[in-house]
Structures are given as C-alpha cells and as structure tokens.
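Everything on this sheet refers to the single structure shown next.
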Amino acid sequence: MKRKSVNAAEDMNEMLNAYREAAIKHRVASYEGNHRIANQAYARIHAIFRQIRDRDADDQRRFMQLLEDDDMRVRGWVAAHALELDPERAIRILESIAIGPSSLEEFAAKMVLREWRAGRLRFS
C-alpha cells in the first residue's frame, strides 16, 4: 500500500480545518444576517468538499470523523455532504439535529433531509 507523504497529510489537515472554520463562519454570518459573508463561507465549504470527494477513501474517512465534532454547526454541514459518502450515517446525524431545539441547525437539517429524500439535493 502506498503511503501518503507528510505534505499530503498536512494538506488534508489544512482542508479539514478550513472546512470546519468555514462551516462555523457560515452559520454565524447567517444568524447575523450577513449574506455576503455567509455566501463566501458557503463557497469555501463547497469548494473544499469537492476536493475531499475526489480524494481517496482514507481522506474521506478523515472527513467523516467531523461528524463527531463538538460543534453542531460543523456536524450539520458534514452530515449534509456525507449524504454522498455514507448516507445511512449522515441521515442519522441529520435526524438527531432535526429533532433538537428550534435553531438554524435544526431547520437546516430538516430541509436537507427533505430535499435529499425528494432527490433534489446535489453537491456537484
């Protein structure tokens, strides 16, 4: 089995950290009504996920570890994207968020689940 270089591992760490930071930034900006910052953060989240989706299974598993993140804002974004990688696990996380207290995360989880189940959600 081919080993990854230290640079490749560091690159993945940087991507995961950037994804996490952008997920939090997006939700904060959304709560504040700052659509410009929220849209920029969304674009960053989406661009990073496209890169992760194209990486090997080990890197995708590392991404999936963010489903256990302490921050629900991060878990929600990861779960939405994880629908393409591990739908059963992603749905469990989204359902747990969707039954939580009324919040932007709860609403977003419900909408993601609704659109996924209707076949309208794509991250291309």
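Here, each number is a calculation from the coordinates, and none is a lab measurement. Here the structure is a predicted model, which means the values were calculated and not measured. Virtual Cβ from ideal backbone geometry, glycine too; neighbours counted across all protein chains shown.
Of the residues making up the range 102-124, those that are in a helix (DSSP H, G or I), touching a helix residue (DSSP H, G or I) at 6+ places or on another chain (Cβ under 7 Å) and either without any contact (Cβ under 8 Å) to a residue 40 or more places away in the chain or surrounded by fewer than 16 Cβ atoms within 10 Å (Cβ to Cβ) (or both) number 7. Exactly one residue out of ARG75, ARG44, ARG55 is within 10 Å of the chain's Cα centre (by Cα) and of a type in the set (Lys, Arg): that is ARG75.
Condition check ((1) among the aromatic types (Phe, Trp, Tyr); (2) within 17 Å of ASN13 (Cβ to Cβ); (3) touching a Gly at 6+ places or on another chain (Cβ under 9 Å)) across all residues:
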| position | (1), (2), (3) |
| --- | --- |
| ARG53 | no, no, no |
| PHE63 | yes, yes, no |
| ARG73 | no, no, no |
| ALA82 | no, no, no |
| ALA90 | no, no, no |
| ILE93 | no, no, yes |
| SER102 | no, no, no |
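Note on the range 59-101: residues that are touching a helix residue (DSSP H, G or I) at 6+ places or on another chain (Cβ under 7 Å), of a type in the set (A, V, I, L, M) and outside any helix (DSSP H, G or I) total 2. Residues that are touching a residue at least 24 places away in the same chain (Cβ under 8 Å) and charged (D, E, K, R) within the range 16-63 comprise ARG20, ARG27, ARG44, ARG50, ARG53, ARG55, ASP58, ASP59, ARG62, listed in sequence order.
Do we have ALA18 as among the hydrophobic types (A, V, I, L, M, F, W, C), closer than 30 Å to SER102 by Cβ and buried (at least 18 other Cβ atoms within 10 Å of the Cβ) here? Full working, then the answer.
On the way: among the hydrophobic types (A, V, I, L, M, F, W, C): yes; closer than 30 Å to SER102 by Cβ: yes; buried (at least 18 other Cβ atoms within 10 Å of the Cβ): no.
When the stated conditions are applied, ALA18 does not pass them.
Of all residues in the range 78-101, those satisfying the criterion of being exposed (fewer than 15 other Cβ atoms within 10 Å of the Cβ) and either under 15 Å from GLN65 (Cα atoms) or under 13 Å from the mean Cα position of the chain (by Cα) (or both) are PRO87, GLU88, ARG89, ARG92.
Taken over the range 48-58, the residue count meeting the criterion of being closer than 21 Å to ILE24 by Cβ and either not in a helix (DSSP H, G or I) or not charged (D, E, K, R) (or both) is 4.
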